Ligand SMILES: [Fe+2]
């Protein structure tokens, strides 16, 4: 059933939760190497913060295999959460968590439901605000989560759900292989990649500037962590990229300067998948088999919260 209107007006991508058997090592990596701050560590669950105002941007949780824990978006008010619950019910989408206070670090009021590929989506409001760390931007560490790229077995069905139900807009296509979706002025906060199975492709963390981006890559290099791919600049979104693997084998990216979309003036394009458009500077070259294998990950059936 196609809804008459989206269930809510998403303001931003707040955070992503990852599940992995290597949770402890991964959490240490994101704190000691990647540049996030540990907010709380609650027996097998780590919450990590960037320098921006979000309470946390990454949650890492112990599990028996790599997978996505959830994706959290912000909405404006508790009323919008309640309205979203009613609209989901009308669409026949079952709730994994009814509207209510969220029992997690940072609290807030929200609800949870699954998308068509059994990924857990959370809409939340009134999450604890925090004073941004490093407001002058001295540190070469991530400010916020920039985007998450998801491997999907049906890119058209995924786009249909995220546009009609969640109200996101498609900013650009990369042939019929990738679709870039926005919920605010950032060119994309979610991208789908047509693949053989459902999984997380990678997560990108925004650096305040291209100088911070390069300094971040340099800091990792000094710690013996070299990029799987990059540095470079993509065509769609015009953002810089440097891709790495975390200790769980999941791909994380430093990015900066993502294109800002003027809502009523933007024209969605279909980009050709040619080297000069996926690597505008010509510095990165084509993605290696190694990075593509990491980005494919392992099949993620989702639905873990109901098991
Ligand atoms: Fe990316």
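Every number here is computed from the coordinates shown, using simple stated rules; none is lab data. Just so you know, these numbers come straight off a predicted model, no measurement behind them. Ideal geometry is used to build each Cβ from the backbone, glycine not excepted, and the neighbour counts take in all protein chains shown.
Tabulated results
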quantity: Antiparallel content of DSSP bridges confined to the chain, in %, to 5; calculated: 70
quantity: Zone residues, segment 164-180, relative to residue 267, backbone N less than 18 Å from point 7 Å out along Cα-to-Cβ; calculated: 170-175
quantity: For segment 129-231, the spread of Cα positions along each principal axis, largest first, Å; calculated: 42, 33, 21
quantity: The chain: calculated mean residue ellipticity at 222 nm from DSSP helix runs of at least 4, using -39500 (n - 2.57); calculated: -5000 deg cm²/dmol
quantity: Debye intensity ratio in log₁₀ form over the Cα atoms of the chain, taken at each q of 0.11, 0.12 Å⁻¹; calculated: -0.63, -0.76
quantity: DSSP beta bridges in segment 144-296 [antiparallel fraction, %, rounded to 5]; calculated: 65
quantity: Least to most buried among 40, 117 (fewest other Cβ within 10 Å first); calculated: 40, 117
quantity: Space enclosed by the convex hull of the alpha-carbon atoms of segment 239-307, per residue, Å³; calculated: 179
quantity: Cα principal axis extents for segment 38-184, largest first, Å; calculated: 41, 37, 34
quantity: Where only C-alpha atoms are counted, convex hull volume of segment 144-296 per residue in Å³; calculated: 112
quantity: Sorted by Cβ density within 10 Å, fewest first, the residues 289, 144, 25; calculated: 289, 25, 144
quantity: Ranked list, fewest to most other Cβ atoms within 10 Å of each Cβ, for 48, 267; calculated: 267, 48
quantity: Dimensionless Rg ratio for segment 12-125, taking C-alpha atoms and the 2.2 N^0.38 Å reference; calculated: 1.10
quantity: Distance between modelled label sites at residue 292 and residue 133, nm, 7 Å Cα→Cβ extension; calculated: 3.8
quantity: Pairwise label distance in nanometres, residue 209 with residue 153, each label 7 Å out on the Cα-Cβ vector; calculated: 4.7
quantity: GNM flexibility winner over the chain from 297, 237, 44 (Cα, springs under 10 Å); calculated: 44
quantity: Choice from 174, 288, 124 showing the highest fluctuation, given a GNM over the chain with Cα pairs closer than 10 Å; calculated: 288
